[in-house]
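What follows draws every value from the coordinates through simple rules; no lab data is involved. Predicted model only: the values in this text are computed from it and were never measured. As a convention, Cβ positions derive from the backbone with ideal geometry for all residues, glycine included, and neighbour counts pool all protein chains shown.
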C-alpha cells in the first residue's frame, strides 16, 4: 500500500462518512480515525486485495464502535419544529430533503444504500464490508429504497410551500443522478 493509493480513496471515504454521521465535523473525525487505524494496522492489509473495501470496512467498524460508546442523545424531530424555522425555499432544498431523509433511514439500511448507490460497490463488496450475507444486502437495499422513496414523496407535502415546489422525485425519474441511482 502506498500513499497515493490511500489518497485516491479520500473523497469516497469523506462522502460515506458525511452521510453516515450527518455532520461534516464528525465525518472529518471519522475519516481521520479511519486513516489512523489503517496506518496502525497496515500489516493486516493483504497486497493485491481491494484497498477501498478494506478502508470502508475499517470506517464502518469504527463508526459502529463510536456509536456504541456514546450515550444516547435526545433527538429533536425537525418535522415537529419546521413551522418555527424561518427560511425561504431554494434550489438546495431538494438536497437537504434527501440528506434529511437519508438520516431518517435505519443505520443498517442507510449503510447498504450508500455503499451500493453512492459508492457503486457490488453487493459482494458491500456484504464483505458490512460483514453480512449478500442476501441481507439485497433485502436491506430494497427496504431502504422503498423507505427513502416514501420519505421523499412525503417530505414536500409536509411543507407550507409544497404546491409551489416541484417534487424532487417524479414518476418518470428524478432530478438528480443520486436519486436516479437510489430508485
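If I stretch the segment between residue 122 and residue 2 completely, what's the gain in nm (0.36 nm per residue apart, minus their alpha carbon distance), one decimal?
40.8 nm
Output the direction-averaged projected area (hull surface divided by four) of the convex hull of the alpha-carbon atoms of the range 1-70, in nm².
Answer in nm², one decimal: 4.5.
Ordered by packing density, taken as the mean number of other Cβ atoms within 10 Å over each peptide's residues, highest first, how do 110-121, 32-43 rank?
My ranking of the peptides, most packed first, is 110-121, 32-43.
Can you grab the distance from the C-alpha centre of the range 1-30 to the C-alpha centre of the range 99-124, Å, no decimals?
15
Please report 6, 134 as a ranked list, fewest other C-beta atoms within 10 angstrom at the top and most at the bottom.
Ranked by crowding around the Cβ, least crowded first: 134, 6.
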